[in-house]
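Novice: Have a look at this one before I ask anything.
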């Protein structure tokens, strides 16, 4: 049995104040009285295992998960694009709105023309909502014109309609203040009434 370590030998002749020496002596005596720590159990001699094995999803599940994630990204991106597109054509960008009514040739026809803010190149984009015009034959279409004092001016685009309400995007690359009206006429090859207004302001 080994003898306990001697306090004075441990200090090695180091000069200490009486209070510091008394404090260290008390700690030394307590450690000697407590004795050495117990032996390490054999079960703790080796470090524990690192844990469970990581398992990956089966290949089919991984592909399905990736496809779902890709679909969600597309939906989010598509929704953002749709909102952005809607904002560009929303009422906040509307410069003014023109109401159109049917002439005696199309008394049930009505239209609303939203003229958006002019762009840097001088184009006036427009969104026209029209209802009550008849569907024309396969080679027929409608034309939107500017007018000045009842006389036909330049064309602002062509469109076709179907039953119900039709929304069309048109454009007027002109100085609009030179004109004071709008009309819609049908264009059907071989018909003499091509310039008869069906909608007017």
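Novice: For the stretch 93-149, please list each of the strands (runs of 3 or more DSSP E) lying entirely inside it that holds at least 3 residues being more than 12 Å from residue 182 (Cα to Cα) and in contact (Cβ under 8 Å) with a residue 40 or more places away in the chain.
Specialist: Because the criterion is at least 3 residues that are more than 12 Å from residue 182 (Cα to Cα) and in contact (Cβ under 8 Å) with a residue 40 or more places away in the chain, the strands (runs of 3 or more DSSP E) in the stretch 93-149 that meet it are 124-131.
Novice: Suppose the filter is in contact (Cβ under 8 Å) with a residue 40 or more places away in the chain and closer than 15 Å to residue 199 by Cα; does residue 182 pass it?
Specialist: yes
Novice: Checking the conditions here, which among 89, 51, 80 is at pLDDT below 80 and in contact with a strand residue (DSSP E or B) (Cβ under 8 Å, 6 or more places away or on another chain)?
Specialist: Selected residue: 89, the only one of 89, 51, 80 that is at pLDDT below 80 and in contact with a strand residue (DSSP E or B) (Cβ under 8 Å, 6 or more places away or on another chain).
Novice: Could you tell me which residue of the stretch 138-151 is surrounded by the fewest Cβ atoms within 10 Å (Cβ to Cβ), considering only residues that are farther than 23 Å from residue 112 by Cβ and at pLDDT 90 or above?
Specialist: Of everything passing the filter in the stretch 138-151, 149 is surrounded by the fewest Cβ atoms within 10 Å (Cβ to Cβ).
Novice: Within the stretch 159-172, track down each residue that is surrounded by 14 or more Cβ atoms within 10 Å (Cβ to Cβ) and not in a strand (DSSP E or B).
Specialist: Once the filter is applied, which keeps residues that are surrounded by 14 or more Cβ atoms within 10 Å (Cβ to Cβ) and not in a strand (DSSP E or B), the stretch 159-172 yields only 161.
Residue by residue, here is whether (1) over 60 Å from the mean Cα position of the chain (by Cα); (2) modelled with pLDDT of 75 or more; (3) loosely packed, with under 10 Cβ neighbours inside 10 Å; (4) closer than 30 Å to residue 113 by Cβ holds:
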| position | (1), (2), (3), (4) |
| --- | --- |
| 33 | yes, yes, yes, no |
| 44 | no, no, yes, no |
| 55 | no, no, yes, no |
| 63 | no, no, no, no |
| 67 | no, no, no, no |
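Novice: Restricting to the stretch 120-137, and then to whatever is under 10 Å from residue 172 (Cβ atoms) and under 29 Å from the mean Cα position of the chain (by Cα), can you tell me which residue is surrounded by the fewest Cβ atoms within 10 Å (Cβ to Cβ)?
Specialist: By that ranking, first place goes to 123.
The values are calculated or read from the model by the stated rules, or taken from the named source; none is laboratory data. As the structure is a prediction and not an experimental result, all values here were calculated from the model. Methodologically, a virtual Cβ is constructed for each residue, glycine included, from the backbone with ideal geometry; neighbour enumeration extends over all protein chains shown.
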